[in-house]
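**Student:** Below you will find the structure I want to go over with you.
Bear in mind these aren't lab numbers, they're just calculated from the coordinates by the rules spelled out. The model shown is predicted, which means the values in this text are computed figures rather than measured ones. Here the Cβ positions follow ideal geometry from the backbone for every residue, glycine too, while neighbour counts run over all protein chains shown.
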Amino acid sequence: MRRCSIRQWDSDSPVPRDELLKNVAGADGLFCLLTDKIDKAVLDQAGSGLKVVSTMSVGYNHIDIKECQKRNIPVGFTPDVLTDATAELTIALLLMTSRRLLEAAEQVKSGGWGSWVPLWMCGPGLSGSTIGILGLGRIGAAIGERLLSFRVSKILYSSRSPKEETAAKLGAEFVSFDKLLKESDFLIVSCALTNETRHIFNAQTFKMMKKSAILINTSRGDVIKQDDLYSALVHGEIAAAGLDVTTPEPLPTDDPLLTLSNCVVLPHVGSATVETRTSMAVLAANNLLAGLNNQPLVAQVEVS
Ligand code: NAP
């Protein structure tokens, strides 16, 4: 058995950039989180001995994959093990937002709960609604499966290419992004963050959505142009939004979005179950070890 020596940033706050650059020098492998930007400068600093980069996340938009490919450095990630937890959280956020659960619970604490009033704290129901999913990947499909039990009327989805097998199971229809915007009562974002999806929700696209629409984002914050979202929520271009991810993270406590009753913001807890985070850590460690031993990674990012 070979022994490894480990240089670890032993803190819950992200490793400062200068510490990362200093300590990555000469490393054979790099275990990172989504808060660590792994770009050309980090790879240059690591040097030619770097054999593997392993991230404890399924999203890899923080890693310059092209630079890794140029250097033949495999990148490991953690697909599948977090799918259920993230889908569950997405459903929770959807219900929190549509049924105004935070607002309602706050009313109990603040004394706003008076007698039973017919239209007090009402929101739209899922039953009979049209659901739109942007990105019918692993998590998008798991969200769709769960939504079927809420007796939704239709699931529409948009991805780069149709997902026939998954769509058949869900009875879902592949549509253009424009149609997804126009027809969804609840639009759920579960796509990867790429150059094409960055700011795909902006002033122009909010105007195409139903005024009654609810937007839920559990992918990455940069998919939404946040200033435009604020304006769309204030001017009633869409009804409400639920965000598990924002730009930046953490969202400053004086961010205007936090003043709105029709916006629910969670602190990026999509995969936050104990079992899931443990599985992610183990998978990321196994990817790292495989790379160090010149073996195929258990889960390797493949980008053409
Ligand atoms: P996945 O299986 O790779 O799914 C990603 C989906 O994004 C694919 O269906 C892909 O469609 C779609 N996509 C990519 N570019 C697109 C575009 N231009 N337009 C429309 N769709 C596009 O990944 P996953 O495991 O489901 O994870 C999805 C994302 O969720 C991750 O990348 C990560 O950012 C986020 N996430 C967040 C949390 C959290 O804590 N909130 C937890 C886990 C993951 P094609 O297959 O057609 O290319």
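**Student:** Among the residues in the stretch 213-226, are any closer than 22 Å to Ala92 by Cα, in a loop (DSSP other than H, G, I, E, B), touching a helix residue (DSSP H, G or I) at 6+ places or on another chain (Cβ under 9 Å) and within 13 Å of the ligand (Cβ to nearest atom)?
**Tutor:** yes
**Student:** Here is a follow-up. Among the numbered conditions (1) more than 26 Å from Gly125 (Cα to Cα); (2) in contact with a Pro (Cβ under 8 Å, 6 or more places away or on another chain), tell me where Asp254 comes up short.
**Tutor:** All conditions are met except number (2).
**Student:** Would you please list the contacts, defined by Cβ atoms under 8 Å and residues six or more apart or on different chains, that run from a residue in the stretch 268-293 that is under 18 Å from Phe31 (Cβ atoms) and β-branched (Val, Ile, Thr) to a residue that is assigned to a helix (DSSP H, G or I) and within 11 Å of the ligand (Cβ to nearest atom)?
**Tutor:** Between residues of the stretch 268-293 that are under 18 Å from Phe31 (Cβ atoms) and β-branched (Val, Ile, Thr) and residues that are assigned to a helix (DSSP H, G or I) and within 11 Å of the ligand (Cβ to nearest atom), the close pairs are Thr276/Asp84; Thr276/Ala85.
**Student:** Of these, Leu229, Leu288, Leu297, which one is surrounded by 14 or more Cβ atoms within 10 Å (Cβ to Cβ), among the hydrophobic types (A, V, I, L, M, F, W, C) and within 19 Å of the chain's Cα centre (by Cα)? I'd like the intermediate steps shown before the answer.
**Tutor:** Numbers: Leu288 fails: within 19 Å of the chain's Cα centre (by Cα); Leu297 fails: within 19 Å of the chain's Cα centre (by Cα).
After applying the criteria, what remains is Leu229.
**Student:** Can you give me the number of residues within the stretch 28-50 that are closer than 17 Å to Asn286 by Cα and surrounded by 18 or more Cβ atoms within 10 Å (Cβ to Cβ)?
**Tutor:** Going through the stretch 28-50, the residues closer than 17 Å to Asn286 by Cα turn out to be 28-33, 50.
Within this subset, residues satisfying the condition of being surrounded by 18 or more Cβ atoms within 10 Å (Cβ to Cβ) are 29-32, 50.
Counting residues in the stretch 28-50 that are closer than 17 Å to Asn286 by Cα and surrounded by 18 or more Cβ atoms within 10 Å (Cβ to Cβ) gives 5.
**Student:** Looking only at the stretch 252-264, decide whether some residue is closer than 24 Å to Pro79 by Cα, within 16 Å of the ligand (Cβ to nearest atom) and crowded, with 18+ Cβ neighbours inside 10 Å. Give the derivation first.
**Tutor:** Initial filter on the stretch 252-264 (closer than 24 Å to Pro79 by Cα): none.
Scanning the stretch 252-264, I find no residue that is closer than 24 Å to Pro79 by Cα, within 16 Å of the ligand (Cβ to nearest atom) and crowded, with 18+ Cβ neighbours inside 10 Å, so the answer is no.
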